[in-house]
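The values are calculated or read from the model by the stated rules, or taken from the named source; none is laboratory data. Fair warning: this is a prediction, and the values are worked out from it, not measured in the lab. A quick note on method: Cβ atoms are made from the backbone with ideal geometry, for glycine too, and the neighbour counts reach across all protein chains shown. Surface areas here come from the heavy atoms of the whole protein model, side chains and all, with no ligands, DNA or RNA. Shrake-Rupley method; radii C 1.70, N 1.55, O 1.52, S 1.80 Å.
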Amino acid sequence: MIKNTSPVFNRYLLRPLTLSVALLSLSACGVSPERITLDEQVLQANADHQAMFAKQAPIEGAISLDEAMARAIKYNLNQRLALMEQALASNQLDVANLSMLPKLAASAGWNHRSNVSASSSESIRTGTESLEPSTSQERNIRTADLQLSWNILDFGLSYFSAKAQANRALGFEEKRRYIVADIMQKVRQAYWNAATAQRLQPQVKSALEEAQKALAQARQTEEQRLLTPLASLQYQKELLTMVRQLETLDAELATAKSRLAALMNLAPGTPYRLQVASAQQWQVPDLNFRLTQLEQLAMIKRPEIREEAYKARNAVLETRSALLKLLPGATLFSGLNYNSNDYLVNNDWADAGVKVSWNLLNVFSFPSIKRTGEAREQVAHLRRQALRMTVLTQVNVAWRQFQSASHLFERSQELQQVQSRILKQTDNALQSQAQSLLERVRANTETVLATRQRDRSYADLRTAYGAIYQAAGLDAVPLYVRDDKISTLTNAIRQERQVLAKGDLSEIGIMLAGAHVMMPDRTTQPQTVNLDLWQNLGSLQSVPLTSLDQASQ
């Protein structure tokens, strides 16, 4: 019998070496948790704080609603996150497209043996050695190869995966539309609350000072015993109640601008002013859309429905991908090879071939995969239909809320006007000493509260007005802009708002005829230029932007 292993080598070198490598590997795999140090937290906090408010356009003058929306679009962190997710999905689509290409693998290596790789032959009949030990391999060998392979089954799976990733990228775009619409609605609500608070705050402070002055006089009256103790205490109680109401209102108004500043991503404590129209200019906005038009618009424009449609596409692709895995896989390969072994007749050669493999037991999975796929598609369709029902409900609720908010604003306006007349009559009576100072303070406080109620009703009215467009899926942000400047975005949002206020469906790119939705002819496309929105709005994906200069010619 031929012996190929040296006992000395195995006992004194190979076994200790193997044990040492194993122990070293085990020790290297041990990982202990490392807490973030306080210095690291401080550095990270400072870096994040600087990045959160960096490169923002300075505030110049009073901020309008359109400028507040423009700043929220450009600087709001949730909007930036949505853009990053959309850009990530786009990059993943590029990776998925590259996965469909054939695989080109290059490898090289070097191999050394401690002794000669020799072998002998033994006769199977006599059991004697029929050939003296010989070798056909050098102790030092260098190898290299370049292999091109393409698996047809993997290509099909990669194709469906790329299609699914493309749908996910489009879904992230609709998700970004939803986030932008939600931010715009929050900005609209916060803006009108802050704007009315800014207009009313001087009046609140004046009424509060008057009430506090009357309270101080009442306490002096109690000390001088000019009134009975019970009458004096009741007088002070009424004044304290009015002071508390005014102080609560003042605190509420003080926080309104902070909420708007957070949506615009302004640093806390940043001073700014808002453009506020006079109360005499406040009117119920005209709604030039019919309810049926808004319902039809919501069916095709809402980002949630579009995103759900892309998910339904992926449900079909997932079923097709599962069925494709049942088919046999064929691999085509070709390559170049090199081996430095001098015993070889040919040290370099090329090879090519095809290999087919098929797991026959996969055939039994076909019925289950088919049933699962059909169920998945039905769930996607039902989920989309349920979402459409929810959207229709939201449109109708937004419509009713706008009608109700319009009525409440008109009623609050009438109450404020009546209370203002009462205050005027109270002032006249006080001058003629027909009324006490307490009645003057009470009338002034009630007037301030009535004014605040009217202002809040108007803010609710404007919020309900914007909620109708949000429910219908009409974007407050135009599709094409010239650049990323705040002034440009502000003008573009203002123009888009004016277009929506007209209620002209042809101007917003959709024409409705009865119950059918028809898209206009878009054979003539505007000249476009590419602008990298990552440098502008935080996106990694370039999008086409209308050349306004060319369009104006």
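With the whole protein complex present, His381 retains an accessible surface near 80 Å², based on a 1.4 Å probe.
When all alpha-carbon pairs of the stretch 239-358 are counted, what percent fall beyond 25 Å?
Working: 5278 of 7140 pairs.
Tail fraction, whole percent: 74.
Quick check on the stretch 97-148: take the gyration tensor over C-alpha atoms, sort the square-rooted eigenvalues as a ≥ b ≥ c, and tell me if it's rounded (a/c under 1.5), prolate or oblate. Can you show the working numbers first?
Numbers: a/c = 6.12, a/b = 2.39, b/c = 2.56.
Oblate shape, in that a/c is at least 1.5 and b/c is the bigger or equal ratio.
A simple rule links phi to the HN-Hα coupling: the Karplus curve 6.51 cos²θ - 1.76 cosθ + 1.60 with θ = phi - 60°, which for the stretch 497-504 gives 5, 5, 5, 5, 5, 6, x, 8 Hz, with x for Gly and Pro.
The heavy atoms of Tyr338 offer some 90 square angstrom of accessible surface to a 1.4 angstrom probe.
Taking other residues whose beta carbon is less than 10 angstrom from the beta carbon of Phe333, and scoring Lys, Arg as +1 and Asp, Glu as -1, yields +1.
Which number do you get for Rg(Cα) / (2.2 N^0.38 Å) in the stretch 394-462?
Compactness ratio reported: 1.47.
What the phi angles of the stretch 269-284 give under the Karplus curve with 6.51, -1.76 and 1.60, with θ = phi - 60°, is a coupling list of x, 5, x, 7, 10, 10, 6, 10, 7, 5, 4, 5, 8, 6, 9, 6 Hz, glycine and proline written as x.
Amide H contacts for Ile63 (H built 1.01 Å from N in the peptide plane; partners 5 or more residues away or on another chain; cut-off under 5 Å): Arg273, Leu274, Gln275.
Net charge of the neighbourhood of Glu174, taken over other residues with C-beta under 10 Å away and scored Lys/Arg +1, Asp/Glu -1, is +1. Ellipsoid semi-axes for the stretch 312-419, based on the Cα gyration tensor and the rule √(5λ), read 70, 24, 7 Å when sorted largest first.
Taking 30 Å as the cut-off for C-alpha to C-alpha distance, list the pairs among Lys237/Lys257; Lys311/Lys485; Lys103/Lys175; Lys163/Lys301 that go past it. Intermediate values should be presented prior to the final figure.
Details: Lys237/Lys257 32 Å; Lys311/Lys485 35 Å; Lys103/Lys175 35 Å; Lys163/Lys301 23 Å.
Listed pairs above 30 Å: Lys237/Lys257; Lys311/Lys485; Lys103/Lys175.
What net charge do the residues around Gln416 carry, taking every other residue with its C-beta under 14 Å from that of Gln416, with Lys and Arg at +1 and Asp and Glu at -1? The answer is +3. For Thr270, no residue has an amide H sitting under 5 Å from its own, ignoring neighbours fewer than 5 places away on the same chain, with H placed 1.01 Å from N. Along the stretch 471-488 the Karplus relation, 6.51 cos²θ - 1.76 cosθ + 1.60 evaluated at θ = phi - 60°, assigns HN-Hα couplings of 5, 7, x, 8, 6, 7, 10, x, 6, 10, 9, 6, 8, 9, 5, 4, 5, 5 Hz to successive residues, with x for each Gly and Pro.
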